[in-house]
Amino acid sequence: MGIDRILLAVFHVTALIHSGNSQSCTVHIEKENDFVPFGDTAVLNCTSNCTSLSWETRLTKLQVSPDRTSNFSWVKVKVSEWEDSPIQCLASDDDTAVANVIPYVLPSGLDIDLKRELEEDEEHEVTCSVYGVAPVQYVILSVTRGGETLFRRTYEKDPRKVPQNLKETFKFNATRRDNLQDFACQVTLNLTNVPNTTVQSSPVTVRTYALPEDPRITAEMWLEKGTVTTISCEVPRAFPPDNIITVLSVDGFPNASVAGNVSVSFNLDTNELPAARHNLLCLSQVFQASKQSNMHIHIYEPPMVNLTVSSKVANLGDTVTADCNLIRGNSEYFGLSISVDGEKGKREESPDLTEIIIITRRKPNLTVTCKIFIRDNNKELLTKEETLTVQYPPEFSDSSCPDSIVWVEGKESMFGCRSEGNPTPEERCTFNLENVTLQTTATFSAERNMSGTYTCQASNLIGTVNKSVEVTVQYPPECPTVQISTQSSVSAGDSVNLTCHSDALPSPTYSWDIPPQAQVVFSQENRFLTIKEASSYHSGKYTCNVENKHGHLSIHQDLEVKSDNTILVATLSSIAGVAGLVAIVYLVRHFFCQNGKKGFYDLVKRTPKKPNPEVPLQEKELV
């Protein structure tokens with residue numbers, strides 16, 4: 001009551017202010033709408049610049065201000081009706097102010113209906129039940145998730161005033177984000193200037209789960225009896241892992257079960273199950289969801305096969321029969337195939353298989369293979385092999401025995417003309433002129449007189465083949481010679497020719513070193529040089545250089561050009577002596593150049609000696 005009296009005093013002062021500021025008679029109520037809990041009391045204040053205020057209402061007036069002649073009045077009423085109750089404040093001059101008293105009541109109860117486990121990507125329902133709330137038009141019903149509003153519904157057009165029970169259902173697709181979130185229903189009365197009008201249900205903590213795919217089984221479909229294999233199952237993208245229960249079994253054995261994991265595996269000993277077809281089951285469950293996968297596996301007794309061939313030795317063009325037979329194992333499961341040297345061959349879903357093989361390949365050995373395969377998946381299980389020996393006559397090829405061969409004089413060589421055949425042929429090559437034979441694998445020192453046409457022959461038990469081979473023995477330049485068209489001492493104005501020659505294979509190249517100021521003319525191949533008109537500038541040393549890819553040599557020739565005719569007499573008188581000296585020098589030089597060479601026939605008739613280390617050819621000077 002103390003607060004009421006203070007409010008009355010405040011409004012009394014306000015009324016006096018209004019009365020002093022206005023000459024007309026007006027009436028004012030503090031609140032046009034007053035929200036009051038049903039059954040409580042409400043106090044309304046009225047002011048006017050006129051006097052003699054009074055109140056009219058259908059509500060029970062519990063108390064009215066005692067002085068009605070003043071310009072301020074208040075009334076206290078009992079809110080006992082659910083309809084909006086108008087209250088009139090009347091002045092003496094019939095001016096009126098009206099206010100509404102609106103009763104309300106917060107929900108007496110609020111429930112949420114939502115499953116505790118929600119499957120991801122599936123539609124779910126959440127139902128809110130509200131008990132005894134009024135008036136309905138001010139109700140805001142919400143569903144919250146983790147304190148955030150997920151759904152919201154209002155009732156502005158609902159005219160019901162008395163307490164009502166409300167029930168609303170919302171649908172949504174659960175996501176992984178909803179896992180371990182608190183869901184709640186919440187009612188708020190949207191009343192002006194009235195605090196604490198929100199009521200919330202007890203929260204429900206949900207768990208989301210997912211089995212988006214069927215379990216994936218990993219296992220071999222065909223298992224040989226007596227083996228141990230690993231069988232596993234995985235549940236892809238399952239959630240949450242700690243609530244997953246996965247069971248893996250083969251016809252109920254060994255029924256391996258794992259909780260809190262998305263995969264399970266075990267080692268299966270095929271000895272513990274009979275040879276037959278078995279059902280492999282993987283079952284995964286999380287809360288109310290479950291998925292399973294099935295797979296058939298076959299445990300079979302190890303098969304055996306027998307392979308026979310009509311002959312293990314054959315010649316080119318022969319026919320060999322190969323028989324492959326399944327001698328142990330279920331013929332309904334297995335098929336046979338025969339192949340030669342890995343090439344695709346005959347294949348049948350039969351316990352007996354015969355193949356006719358025509359020998360057409362020049363190979364010393366051919367492998368015949370018989371394989372067992374599983375009809376269902378073509379997996380190969382067992383292989384049996386037989387090796388055929390193939391005989392065929394010798395044959396020379398251009399790569400192993402070329403049409404022409406080049407050797408180098410003095411170098412260690414091997415004829416190297418080989419053939420191919422089975423049995424391994426024996427080869428020999430014969431010089432066609434002298435009937436001299438060389439073994440194709442023996443080494444020897446080549447000589448130039450070994451050049452010529454050879455007949456190489458290869459023989460084995462099946463046949464003989466011949467081939468002609470042209471042999472060329474190359475050698476470095478021999479000691480060159482220089483011939484001069486006149487005497488070594490010539491007179492000025494004479495014409496002089498110098499000719500150089502050396503025997504070599506391949507043919508050598510020639511070059512000259514001449515006096516610095518000598519003017520000469522060279523032939524196209526440089527073997528000849530010509531002095532058209534001799535002078536003193538042509539006197540000096542002329543050197544002929546001879547070279548091919550195997551070596552090089554040089555020889556010198558002195559030339560003297562004299563201008564005095566008396567010299568001619570002296571020259572003529574000494575011709576005899578000079579000629580004799582030149583003959584002696586030539587014979588000595590020829591002896592040294594040719595000394596030490598052995599003839600080809602002497603080489604093949606004598607016992608070969610270990611060749612001396614090769615001495616590089618050095619430049620020699622002959623004067």
Residue check: is Val368 out of contact with any His (no Cβ under 8 Å at 6 or more places or on another chain) and in contact (Cβ under 8 Å) with a residue 40 or more places away in the chain? yes
Quickly run through the range 482-534 and pick out the residues that are in contact with a helix residue (DSSP H, G or I) (Cβ under 9 Å, 6 or more places away or on another chain) and closer than 30 Å to Ser451 by Cα. Leu505
Filtered residues of the range 114-148 (kept if under 53 Å from the mean Cα position of the chain (by Cα) and free of Cβ contacts under 8 Å to residues at least 24 places away in the same chain): Glu148
Within the range 492-529, count every residue that is among the polar types (S, T, N, Q), open to solvent by 40 Å² or more (accessible area, probe 1.4 Å) and assigned to a strand (DSSP E or B). 3
Considering the range 530-550 alone, what residues qualify as being open to solvent by 90 Å² or more (accessible area, probe 1.4 Å) and not aromatic (Phe, Trp, Tyr)? Lys532, Glu533, Lys541, Glu547, Lys549
Check on Glu478, more than 27 Å from Arg362 (Cα to Cα), crowded, with 16+ Cβ neighbours inside 10 Å and touching a residue at least 60 places away in the same chain (Cβ under 8 Å): yes
Filter the range 161-195 for residues that are polar (S, T, N, Q) and within 19 Å of Gly109 (Cβ to Cβ); the one that is most open to solvent (accessible area, probe 1.4 Å) is Asn165
Please count how many residues of the range 221-242 are open to solvent by 30 Å² or more (accessible area, probe 1.4 Å) and within 23 Å of Pro302 (Cβ to Cβ). 7
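Given the options Val309, Val286, Val320, name the one that is aliphatic (A, V, I, L, M), at pLDDT below 95 and either in contact with an Asp or Glu (Cβ under 9 Å, 6 or more places away or on another chain) or buried (at least 19 other Cβ atoms within 10 Å of the Cβ) (or both).
Val286
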From Glu525, Glu447, residue being touching a residue at least 12 places away in the same chain (Cβ under 8 Å), more than 20 Å from Gln557 (Cβ to Cβ) and among the acidic types (Asp, Glu): Glu447
For the range 342-367 the number of residues that are open to solvent by 30 Å² or more (accessible area, probe 1.4 Å) and over 23 Å from Pro303 (Cα atoms) is 9
Any residue in the range 197-220 that is open to solvent by 10 Å² or more (accessible area, probe 1.4 Å), farther than 30 Å from Arg176 by Cβ and of a type in the set (Ser, Thr, Tyr)? yes
Working only within the range 245-274, note down all residues that are part of a loop (DSSP other than H, G, I, E, B) and open to solvent by 50 Å² or more (accessible area, probe 1.4 Å). Asp251, Gly252, Asn261, Pro274
Look through the range 408-427, keep the residues that are out of contact with any Phe, Trp or Tyr (no Cβ under 9 Å at 6 or more places or on another chain) and modelled with pLDDT of 90 or more, and return whichever of them is nearest to Glu395 (Cα to Cα). Pro425
Condition check: of a type in the set (Gly, Ala, Ser) and either in contact with a Gly (Cβ under 8 Å, 6 or more places away or on another chain) or not in a loop (DSSP other than H, G, I, E, B) (or both). Does Gly421 satisfy that? yes
Within the range 217-244, which residues are part of a strand (DSSP E or B) and either modelled with pLDDT under 90 or out of contact with any Pro (no Cβ under 6 Å at 6 or more places or on another chain) (or both)? Ile217, Thr218, Trp222, Leu223, Val228, Thr229, Thr230, Ile231, Ser232, Glu234, Phe239
Looking only at residues that are under 24 Å from Ala314 (Cα atoms) and among the polar types (S, T, N, Q) in the range 418-456, which one is most open to solvent (accessible area, probe 1.4 Å)? Thr424
Which condition does Gly132 not pass, out of (1) in a loop (DSSP other than H, G, I, E, B); (2) out of contact with any strand residue (DSSP E or B) (no Cβ under 6 Å at 6 or more places or on another chain); (3) of a type outside the set (Val, Ile, Thr), if it passes all the others? (1)
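Per-residue answers, yes or no, for (1) among the basic types (Lys, Arg); (2) closer than 30 Å to Gln285 by Cβ; (3) out of contact with any Ser or Thr (no Cβ under 7 Å at 6 or more places or on another chain):
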{"site": "Ser142", "(1), (2), (3)": "no, no, no"}
{"site": "Tyr155", "(1), (2), (3)": "no, no, yes"}
{"site": "Leu166", "(1), (2), (3)": "no, no, yes"}
{"site": "Arg177", "(1), (2), (3)": "yes, yes, yes"}
{"site": "Asn193", "(1), (2), (3)": "no, no, yes"}
{"site": "Arg207", "(1), (2), (3)": "yes, yes, yes"}
Every residue in the range 279-331 that is under 16 Å from Phe373 (Cα atoms), without any contact (Cβ under 8 Å) to a residue 40 or more places away in the chain and not in a strand (DSSP E or B), please. Asn330, Ser331
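Kindly provide the set of residues from the range 387-417 that are open to solvent by less than 60 Å² (accessible area, probe 1.4 Å) and not in a loop (DSSP other than H, G, I, E, B), ordered by number.
Correct list: Leu388, Thr389, Val390, Gln391, Tyr392, Pro393, Pro394, Phe396, Ile405, Trp407, Val408, Ser413.
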I need the full set of residues from the range 375-386 which are open to solvent by 80 Å² or more (accessible area, probe 1.4 Å) and either assigned to a strand (DSSP E or B) or modelled with pLDDT of 95 or more (or both), in order please. Glu380, Glu385
Leu180 fails exactly one of the following numbered conditions: (1) closer than 30 Å to Thr57 by Cα; (2) part of a loop (DSSP other than H, G, I, E, B); (3) touching a Lys or Arg at 6+ places or on another chain (Cβ under 9 Å). What is the number of that condition? (1)
Can you tell me which residue within the range 143-153, out of those that are part of a strand (DSSP E or B) and open to solvent by 50 Å² or more (accessible area, probe 1.4 Å), is nearest to Ser80 (Cα to Cα)? Arg153
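The values are calculated or read from the model by the stated rules, or taken from the named source; none is laboratory data. Everything numeric in this text was worked out from a predicted model, so none of it was measured. Note that each Cβ is placed from the backbone with ideal geometry, even for glycine, and that neighbours are counted across all protein chains shown. SASA here: full protein model, heavy atoms, side chains in, ligands and nucleic acids out. Shrake-Rupley method; radii C 1.70, N 1.55, O 1.52, S 1.80 Å.
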